[in-house]
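Just so you know, all these numbers are worked out from the coordinates, no wet-lab data involved. Owing to the predicted nature of the structure, the values given are computational and were not obtained by experimental measurement. Don't worry about glycine lacking a Cβ; one is built from the backbone with ideal geometry, like all the others, and counts go over all protein chains shown.
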Amino acid sequence: MGTIESERYEKVVMVEGAPDFLAAIHFLLAEGKELTIAPVAILGASNQKLSPEALGVFQNKVICLYPHVDESGRCAARAWARQLIDAGAARVTAFDLSGLVLADGSQGKDLADVCRICPDCLEKQRKFTEVMP
């Protein structure tokens, strides 16, 4: 989702799932980066094989992945990163969402959960004050 729309951007944030796609749009707007970074979503970690047509769009782009903090999310991110690099992406990085604690005290696992962060976690984990590259 958002692949075609990302063609005119040099930077892309790539997330896993529709809720994270909406969160990416939220953070791009909140951080004033909506004109320079495109959000793209892969709808589920089980979609580990990216289409050749989609991969061509990411050639020469700087991409930041936002994998879920679980084994399937990490595995998918590794697979996506390899494919993006092989397709000619300029650089592929990943944002580390580990250590995310929600307002109710539970552990967060994805970008959408950053919207429900505990104030104490935000103070201790400064990486969550600016989540877009």
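Pull out the extension gain between V69 and L29, defined as 0.36 nm times the separation in residues minus the alpha carbon to alpha carbon distance; nm, one decimal.
Here the segment from V69 to L29 would lengthen by 12.0 nm.
At a 10 Å Cβ-Cβ cut-off, how would you order K127, K61, fewest neighbours first?
Result, fewest neighbours first: K127, K61.
Which Cys in the chain stand alone, with every other cysteine's Cβ at 4.7 Å or more from theirs?
C64, C75, C115 - these cysteines have no disulfide-compatible partner (Cβ-Cβ under 4.7 Å) in the chain.
Under the rule of -39500 (n - 2.57) per DSSP H run of 4 or more residues, summed and divided by the residues of the chain, what mean residue ellipticity at 222 nm is obtained, to the nearest 500 deg cm²/dmol? Please report the intermediate quantities before stating the final value.
Numbers: 4 runs with 41 residues, N = 133.
Estimated from H runs of four or more residues: -9000 deg cm²/dmol.
Place a label point 7 angstrom from the Cα of S106 along the Cα-to-Cβ direction, then list the residues of the range 74-96 whose backbone nitrogen is under 19 Å away.
Those under the cut-off are none; the list is empty.
Charges at C-beta only: +1 for Lys and Arg, -1 for Asp and Glu. How large is the resulting dipole of the range 4-129 about its Cα centre, in Debye rounded to 20?
My answer is approximately 360 debye.
Using a Cα-Cα cut-off of under 20 Å, which lysines could be cross-linked to K124, ignoring same-chain neighbours fewer than 8 residues away?
Partners found: K109.
Tell me which residues come under 5 Å, amide H to amide H, from L43 once H is placed; ignore anything under 5 positions away on its chain.
G17
Quick one: length gained pulling K127 to S51 fully straight, 0.36 nm per residue minus the C-alpha distance?
Computed gain between K127 and S51 is 24.2 nm.
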